[in-house]
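The values are calculated or read from the model by the stated rules, or taken from the named source; none is laboratory data. Keep in mind it's a predicted model, so treat the numbers as computed, not measured. For neighbour counting, all protein chains shown are included, and Cβ atoms are generated from backbone atoms with ideal geometry for every residue, glycine included.
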Amino acid sequence: MARGRRDGILIAGGGLAGSLAALAMARHRPEVPILLVEERETFGGDGYRLFADAELSKEGSALVAPLAIDRWPGAYLAFPGLARKLKGELAGFAAEDLHRAVTQALDPKSYRLGTKVVAVREDALVLDGGETIKAEGAIDARGAANLSTLALLHQTRLERDYRFPAPHRVDRPVLIDATMSDGGGLRYFECIPLSEVRLLVAEVAISERVQPDEEAGKRIAAYVKARGWARPRASGERSVTRPLPFGGDFAAFWRLGGARAAKLGLRGGFVHPFTGREIGDAAETALLLASQRDFSGNALHDLFEDEARQMWKEREFVRSVTRTLAEAGPEDRRALLERLYRLDQDRLRQLQTGDPGLIDRWRIRKALRG
């Protein structure tokens, strides 16, 4: 891409939000030039993306559908006093699936890999080395930045991709297996079957820690052994951290990320405060971008700040659930989560999509009180 000013928009960050924004523009607004700039050598961000169909609108599902090559009719949950089989379509994709989709959909002149963005202005990207690229508008989607004005927990994941010489016999995702907790706070295992002999196993912790602790890998290995999966071979390991915001000064958070820079993804606070998932917000904001006529920096900033503030307002109740987890002692959090997952599936679905009604809120609060 030539230096200097160009038409269209610039997107800094090729993780989930930035990549979906680029895909939405390529599909719905191919006449608008874009440039997607990513520091790494691949698009897609970190980790495997598992989500429920209910988290996406019809239009969002259509945007994500080409990526969601893995699908299941439901999932399992397991706590010391609870075992459930949940219904409802689940889907997932890996970072490499998103990378493939982006590089196939975009002209090579419309993206840069291995290029670090050091600053995002309302109409420009400043690259490491001093090059500045200008356009009508620019969007910062480089992941979470300064979270100091928010009250939050962290959802940390260490995930390993295992292959076994014999079938593992897991026919659908295990969203939560908290039956092997050692009393060290809210930790559980997640299993995602990618083939008959391939299984993604993750330890998930919800706490004040920003990174998985140093024993997480050993606990995953012990879990695999306890489940009877013989001769495992790990072909990859990834660490992922997502914020679970439950309070704080959201307006100040937006200003800290750049006073007049448009922001998407974690950079803009677009994350579900209970599940930590970004897929629903990323798809909807991508479609919102593609529906615009004014791509100036000021217009994009106001568009996404208004959207982020509205989501923050609408999710006050869901944040209160995460706040209850935060205010409980680490040893009490697992019991709270188990009580929540005793709710019927409609309540759980509404909590996970951020849209519980008044009666549903009463039932969720009752479950939290025990």
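Checking R323, R349 one by one, the residue that is surrounded by fewer than 20 Cβ atoms within 10 Å (Cβ to Cβ), in contact with a Phe, Trp or Tyr (Cβ under 6 Å, 6 or more places away or on another chain) and touching a residue at least 60 places away in the same chain (Cβ under 8 Å) is R323 and no other.
Against the criterion of being within 20 Å of D281 (Cα to Cα) and surrounded by fewer than 19 Cβ atoms within 10 Å (Cβ to Cβ), A262 does not qualify. Considering only residues in segment 223-254 that are charged (D, E, K, R) and more than 22 Å from the chain's Cα centre (by Cα), the one that is surrounded by the fewest Cβ atoms within 10 Å (Cβ to Cβ) turns out to be R231. Within segment 12-21, does at least one residue satisfy the condition of being within 19 Å of the chain's Cα centre (by Cα), in a helix (DSSP H, G or I), of a type outside the set (D, E, K, R) and surrounded by fewer than 17 Cβ atoms within 10 Å (Cβ to Cβ)? Among the residues of segment 12-21, not one is within 19 Å of the chain's Cα centre (by Cα), in a helix (DSSP H, G or I), of a type outside the set (D, E, K, R) and surrounded by fewer than 17 Cβ atoms within 10 Å (Cβ to Cβ), which makes the answer no.
At pLDDT 95 or above, in contact with a Pro (Cβ under 9 Å, 6 or more places away or on another chain) and among the basic types (K, R), is that true of R198? Don't jump to the end; show me each part of the working.
Working: at pLDDT 95 or above: yes; in contact with a Pro (Cβ under 9 Å, 6 or more places away or on another chain): no; among the basic types (K, R): yes.
Taking the combined requirement at face value, the residue does not satisfy it.
Against the condition in contact with a strand residue (DSSP E or B) (Cβ under 7 Å, 6 or more places away or on another chain), over 18 Å from A283 (Cα atoms), of a type outside the set (A, V, I, L, M, F, W, C) and modelled with pLDDT of 95 or more, how does R323 come out, does it pass? When the stated conditions are applied, R323 passes them. Would it be correct to say that E41 is free of Cβ contacts under 8 Å to residues at least 60 places away in the same chain, farther than 22 Å from L194 by Cα and out of contact with any Asp or Glu (no Cβ under 7 Å at 6 or more places or on another chain)? When the stated conditions are applied, E41 does not pass them. Only a single criterion out of (1) surrounded by 21 or more Cβ atoms within 10 Å (Cβ to Cβ); (2) farther than 19 Å from I139 by Cβ; (3) in the same structural domain as V118 (by TED's automatic domain parsing) is not satisfied by K58, namely (1). Here are S148, S195, S181: which of them is more than 18 Å from the chain's Cα centre (by Cα), without any contact (Cβ under 8 Å) to a residue 24 or more places away in the chain and part of a loop (DSSP other than H, G, I, E, B)? Checking each option against the conditions leaves just S195.
Check segment 93-108 and report whether any residue there is closer than 30 Å to D344 by Cα and either of a type in the set (A, V, I, L, M) or assigned to a strand (DSSP E or B) (or both). Step through it out loud before you land on a result.
Going residue by residue through segment 93-108, those that are closer than 30 Å to D344 by Cα are 93-94.
Adding the requirement that they be either of a type in the set (A, V, I, L, M) or assigned to a strand (DSSP E or B) (or both) leaves 93-94.
Taking every residue of segment 93-108 in turn, at least one turns out to be closer than 30 Å to D344 by Cα and either of a type in the set (A, V, I, L, M) or assigned to a strand (DSSP E or B) (or both).
When we screen R267, R242, R255, R209 for residues that are at negative phi, part of a strand (DSSP E or B) and of a type in the set (K, R), the only hit is R242. Is there a residue being in contact with a helix residue (DSSP H, G or I) (Cβ under 9 Å, 6 or more places away or on another chain) and under 17 Å from L150 (Cα atoms) anywhere in segment 287-306? Checked against the condition, which is being in contact with a helix residue (DSSP H, G or I) (Cβ under 9 Å, 6 or more places away or on another chain) and under 17 Å from L150 (Cα atoms), segment 287-306 yields at least one hit.
For S110, are the conditions met, namely being among the small types (G, A, S) and either more than 28 Å from A135 (Cβ to Cβ) or surrounded by 20 or more Cβ atoms within 10 Å (Cβ to Cβ) (or both)? Spell out the reasoning first.
Details: among the small types (G, A, S): yes; either more than 28 Å from A135 (Cβ to Cβ) or surrounded by 20 or more Cβ atoms within 10 Å (Cβ to Cβ) (or both): no.
Criteria not met by S110.
Taken as a whole, the structure places A308 among residues that are at pLDDT 95 or above and buried (at least 19 other Cβ atoms within 10 Å of the Cβ).
Name the residue, out of A261, A283, that is under 22 Å from F51 (Cβ atoms) and of a type outside the set (D, E). Break it down stepwise before answering.
On the way: A261 fails: under 22 Å from F51 (Cβ atoms).
Only one candidate qualifies: A283.
Within segment 212-239, the set of residues being assigned to a loop (DSSP other than H, G, I, E, B) and either free of Cβ contacts under 8 Å to residues at least 60 places away in the same chain or of a type in the set (D, E) (or both) comprises P212, D213, E214, E215, R227, G228. Number of residues in segment 18-34 that are closer than 21 Å to A94 by Cα and either in contact with a strand residue (DSSP E or B) (Cβ under 9 Å, 6 or more places away or on another chain) or hydroxyl-bearing (S, T, Y) (or both) equals 5.
Limited to segment 352-370, what total is found for residues that are modelled with pLDDT of 90 or more and not charged (D, E, K, R)?
Of the residues in segment 352-370, the ones modelled with pLDDT of 90 or more are 358-368.
Subset that is not charged (D, E, K, R): 358-359, 362, 364, 367-368.
Looking only at that region, the number is 6.
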